[in-house]
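The values are calculated or read from the model by the stated rules, or taken from the named source; none is laboratory data. Worth saying up front: this structure is predicted, and the values here are computed from it rather than measured. Glycine gets a Cβ as well: all are built from the backbone with ideal geometry, and neighbour counts include every protein chain shown.
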Amino acid sequence: MKKTSLLLLFFCLTLSLIGCSDQPVNSTSISSSISPTNTGLPAGKPQIEAPGRLFTPEPPSTQIWPTEAGGAVKAAEKVLAEQTKNDITTIKVVSVEEVDWSDGCLGIQVAGVSCTQVITPGYKIILAIDAIQYEVHTDTSGMIVVMVPSQPLSQEPDIAWQGNEQPCQTAVISNQGVSYGSCQETLVNAPFINSIRASQFTDFVQEYQAFNADTTAGKVTFIGQGQIVATPAQKRAISEWAGLVFIEEQSGIINTNWSLAFTWQRIGGIAGFCDGLSVYRDGEVVATSCKDETLKNDGHLFLTSDQLAQLYQWLDGLKPFEVNQTDQAVADGMTVRMKFFGTGQIEAGQSDQLDLLSFASELSIQTRN
């Protein structure tokens with residue numbers, strides 16, 4: 001009897017201890033008794049312990065758009081690659097959003113184009129090349145693709161330039177001024193030392209779409225807001241311009257002889273010419289006149305894309321040379337001089353020199369008109 005009472009007392013104490021516990025009877029105690037090597041799950045996959053069970057999570061999907069949008073995304077990437085002249089492999093998909101566009105033009109009004117007033121299902125696709133984002137509108141099939149003109153998205157216009165030579169030098173140019181210095185150091189912030197650079201920067205930004213380019217004059221990331229897709233020659237011209245801005249800021253000097261491609265001068269003749277031309281590697285052309293015995297500006301322009309391409313072909317191919325032509329046999333003879341600052345390896349022949357003299361003469365007329 002005494003033994004039975006002791007057993008009953010022990011049993012009651014055990015029940016009371018279990019009842020006071022804040023842990024459920026199952027859960028942790030059950031899961032801890034399961035060996036991780038005997039779960040029946042494939043080896044090598046991560047296993048997360050949860051109350052009462054072990055499971056292997058499905059790997060997260062890397063695709064950030066609906067499967068059915070794949071065709072539209074590929075079409076958008078192709079159009080962006082063609083318009084920006086970039087390799088399609090450099091394009092990243094930022095987001096894809098299903099949208100019911102209000103018309104057949106996918107919400108983008110283009111002057112002179114009438115849009116069908118019908119709801120058009122499709123996608124708003126944000127793509128990126130490096131730090132530059134682009135918005136593209138498509139229909140569901142990707143047969144209709146429209147780039148949003150105001151490129152890029154939510155970024156202030158600027159030009160980021162990096163030189164090709166060592167040590168590495170860089171500049172970031174905006175309408176506020178220039179940040180410049182070594183690639184590995186904190187950049188110096190400064191206003192434009194040359195006041196005309198601010199207006200030139202604004203002209204570039206308003207004219208060209210955003211782009212990235214690796215040119216003979218350096219690497220450049222251009223965040224523009226214009227409508228024109230820059231050609232390779234125009235991209236190089238902007239890179240040449242940015243490199244010149246860097247030199248001006250670093251030196252603290254404005255020198256009109258820096259970055260010259262060639263100079264041209266014409267003196268004499270029956271008309272009594274006394275005019276000149278300075279053509280720069282960034283495509284800027286400055287005309288001067290000395291008719292009144294004082295040198296003054298007589299016109300200004302930037303080369304067209306075709307003119308830039310021709311200029312760079314000469315600069316990259318031909319060695320420097322000078323021309324000094326004087327018509328001695330005629331009264332009121334005329335003298336024409338040219339200094340060409342090429343960086344190529346080929347000696348300029350007579351035909352090359354005549355082509356450049358003709359090019360300069362035509363530019364002189366264009367600049368003064």
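Kindly indicate whether any position in segment 286-296 is at pLDDT 90 or above, in a loop (DSSP other than H, G, I, E, B) and either closer than 23 Å to Gln234 by Cα or within 39 Å of the chain's Cα centre (by Cα) (or both).
Step one: filter segment 286-296 for residues at pLDDT 90 or above, giving 286-287.
Now drop any that are not in a loop (DSSP other than H, G, I, E, B), which leaves none.
So far as segment 286-296 goes, no, none of its residues is at pLDDT 90 or above, in a loop (DSSP other than H, G, I, E, B) and either closer than 23 Å to Gln234 by Cα or within 39 Å of the chain's Cα centre (by Cα) (or both).
Filter segment 96-147 for residues that are loosely packed, with under 14 Cβ neighbours inside 10 Å, of a type in the set (Ser, Thr, Tyr) and not in a loop (DSSP other than H, G, I, E, B) and give the result.
None - no residue of segment 96-147 is loosely packed, with under 14 Cβ neighbours inside 10 Å, of a type in the set (Ser, Thr, Tyr) and not in a loop (DSSP other than H, G, I, E, B), so the list stays empty.
Scan segment 311-353 residue by residue and report those that are surrounded by fewer than 16 Cβ atoms within 10 Å (Cβ to Cβ) and part of a helix (DSSP H, G or I).
Gln313, Asp316, Gly317, Gln350, Ser351
Based on this model, can you work out whether Gly218 counts as crowded, with 20+ Cβ neighbours inside 10 Å and without any contact (Cβ under 8 Å) to a residue 60 or more places away in the chain? Even if it seems obvious, please write down each step before you answer.
Details: crowded, with 20+ Cβ neighbours inside 10 Å: yes; without any contact (Cβ under 8 Å) to a residue 60 or more places away in the chain: yes.
When the stated conditions are applied, Gly218 passes them.
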